[in-house]
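Where a number appears in this text, it was derived from the coordinates with a stated rule and is not lab data. Being a predicted model, the structure only gives us computed values, none of them experimental. Methodologically, a virtual Cβ is constructed for each residue, glycine included, from the backbone with ideal geometry; neighbour enumeration extends over all protein chains shown.
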Amino acid sequence: MPKYKAPLRDYKFVMQEMLNCENHYLTLGYEDATTDMVDAILSEAAKFTEQVIAPINQIGDQQGCQWDLGTVTTPDGFKEAYSQYVEGGWPTLAQDKEIGGQGLPHSLNTVVSEMFSAANHSFAMYPGLSHGCISTIERYASDKQKNMFLPKLVEGTWTGTMCLTEAHCGTDLGLLRTKAELNEDGSYRLNGSKIFISAGEHDLSENIVHIVIARIPGSPEGTKGISLFVVPKFNINEEGEIVARNGVNCGSIEHKMGIHGNSTCVINFDDAKGYLIGEVNKGLRCMFTFMNGARLGVANEGVSASEAAFQGSLAYAKERLQMRSMTGSKNPDGPADPIIVHPDVRKMLLTQKSFAEGGRAMVAELAHLVDNTYSSKDPKVLAVTESKLALLTPIAKAFLTETGLESANHGIQVFGGHGFIQEWGMEQLVRDTRICCLYEGTTGIQALDLLGRKVIGSQGELLEIYLNEIEDFLTTMDEASMPKPCATLQQYVNQWRELTESISVKAQESADEIGAASVDYLMFSGYVCLAYYWLKMMLTAKSKLENNISDSEFYQAKINTGKFYFDRVLPRAKGHAACIDAGAESMMQLDPEHFSF
């Protein structure tokens, strides 16, 4: 089983050297988030991750969660690890001081979350979902409701979930059947059933707070009639004290491909007492606070998968002896050379490395934007923040999870036959990672959101703002900086515009052109976005080398990995562009009746 090691040096590079997080934090009023403080927190998080969370990853997969008459027991070690997580103050890290938090930046918590997910995806999901629950209550609930729920959620004594999906409707939430009827005391009683509820029932916390969408009788059909409710597993009084069991029960847990250590539940609401959050019939808008945060969280899980796959593959490739190098023996005293000398193995390792480090840079910048949404008072900053998050969230969620899955698959390939065997950990990583491409809307759903709503829906405005940013960055580059990757990126920016215009014209004749192009468009966008972040990292590393900074091997490796990305990964975008240019015709010609076997 590969041992996880937190990539602290790379965190420092991305956060402090590329993004200058200390200045960012000072600008937003996070005076406590000094470089020394950030380093200390990440160092402690690394110890907790490596010593407590990582060792129970394989146990969680092998034992899984156990269901017995509505009660769910987590695998050995999970309850103790969660207690240490709470005792260490990790749930409070990025929460406001007014509600019991430490008042540190959300971007710092994002880095800690990456560590947790890379080391143990199943465990990380339990506290991870609570952050979205807290954000939703904090933004939309009444003061009375905040006082009831937030203190225990923030300290981690209680955990939270998101309850959207029902068996018959999946992503089409307008078809939901869960009903909420008004009680005399102003609360609601909910009846219905939700499926695929991650961390919906477990033995880690004293109470579980469900954020639930439901329809109030008389509300409009479809998404216009959705309202949002907070429904605790145990009823509480106005002081937030548990008083009695609510009508919330776990009907079963799913038998899944992966993430066995996390309970994915069917949750039944039988006259369950809940409280309306926000306005009647405005629940979906409120829910997007949770969902957009969750999408960025899942993007981070994709980065975690790439990092975990790379670490495991690299360690194995350095030790595994097989055949001789084509350019002559590199290990003359041994019976064969380590497989890292072989070009194809190098290609897979560098692909994993480029996705992990490029994805980390992308998520880190998006996390800085999230910091702005919480703390900036500058209207111009907030306007830019909103436009970038709107455009980049679906790209990050879908692209980084698809590349995370690819990295995990490369891990199996590097290990060869051993990769297919449980004890080595790579096949678990593939199984655990596969869900990330489905969470919070599949890749296809994210692609439609990107192309249909964000790009065409804004008449190209959101895209143009971002492309102008890239071009402004390129124009600031000295001619000697890195002319080849700069020119290459400009070519792809031009092509991005051309593809967008082409799809928009075709869509005027048939809306199917949007659906036919969407996933290829998103993947094209993802490859170009990552090229932008890799260019930023390469230029940062080059600057450090030119100023005689120590750690030259690290910076040179960063530049070399960036060159690999531009040479061997970015050209994939051309294939996606060719598919887009082909249009929808061949995809839509075959009559459904002729899909036969």
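Given +1 at the Cβ of Lys and Arg, -1 at the Cβ of Asp and Glu and no other charges, the dipole of region 122-217 around its Cα centre is 240 debye to the nearest 20. Computed from backbone phi with θ = phi - 60° and the Karplus coefficients 6.51, -1.76 and 1.60, the 3J(HN,Hα) list for region 296-313 is 5, x, 5, 4, 5, 5, x, 4, 4, 5, 4, 5, 5, 5, 5, 4, x, 5 Hz; x is used for glycine and proline.
Each residue of region 82-90 is assigned a 3J(HN,Hα), and the resulting list reads 5, 4, 5, 4, 5, 4, x, x, 5 Hz, derived from the Karplus form 6.51 cos²θ - 1.76 cosθ + 1.60 (θ = phi - 60°), x at Gly and Pro. Descending by average beta-carbon neighbour count within 10 Å, the peptides 425-435, 439-449 line up as 425-435, 439-449, the highest first. In the chain, the longest principal axis of the Cα atoms and the axis of helix 552-564 are about 90 degrees apart. Comparing Ala447, His210, Ala141 along the charge dipole axis of the chain, the residue lying farthest to the positive side is Ala447, per the Cβ-charge model. Helix 483-507: angle to the longest alpha-carbon principal axis of the chain, degrees 0 to 90, nearest 10? Around 50 degrees separate the two axes.
Note on the chain: helix-only mean residue ellipticity at 222 nm, from DSSP H runs of 4+ residues weighted -39500 (n - 2.57) and normalised by residue number, equals -17500 deg cm²/dmol.
Compared with the dominant principal axis of the Cα atoms in the chain, helix 572-582 is inclined by about 70°.
Net charge near Gln102: determine it from the other residues with C-beta under 10 Å of the C-beta of Gln102, scoring Lys and Arg +1 and Asp and Glu -1. Counting the neighbours of Gln102, the net charge comes to -1. Put simply, when 296-302, 111-117, 469-475 are sorted by average Cβ atoms within 10 angstrom per residue, most first, you get 296-302, 111-117, 469-475.
Listed by chain and number, the aspartates and glutamates whose alpha-carbon sits under 15 Å from that of Lys256, ignoring those within fewer than 8 places in the same chain, are Asp61, Glu427, Asp432. Each Lys and Arg Cβ is given +1 and each Asp and Glu Cβ -1; about its Cα centre, the chain then shows a dipole of about 720 debye. The coefficient of translational diffusion for region 314-443, derived via Stokes-Einstein from the alpha carbon Kirkwood radius under 10 °C and 1.306 mPa s, stands at 92 µm²/s.
What is the dipole size for region 309-360, taken about its Cα centre, with +1 at each Lys and Arg Cβ and -1 at each Asp and Glu Cβ, in debye to the nearest 20?
120
Per residue, the average separation of C-alpha pairs within less than 8 Å and at least 6 apart gives the chain a relative contact order of 13 percent.
Among Thr327, Ser113, Asn281, whose Cα projects farthest towards the positive end of the dipole of the chain, with charges put on the beta-carbon of Lys, Arg (+1) and Asp, Glu (-1)? After comparing all options, I get Thr327.
Selection among Thr159, Ala299, Leu405 by position relative to the dipole of the chain gives Leu405 as farthest towards the positive end (Cβ unit charges, Cα centre).
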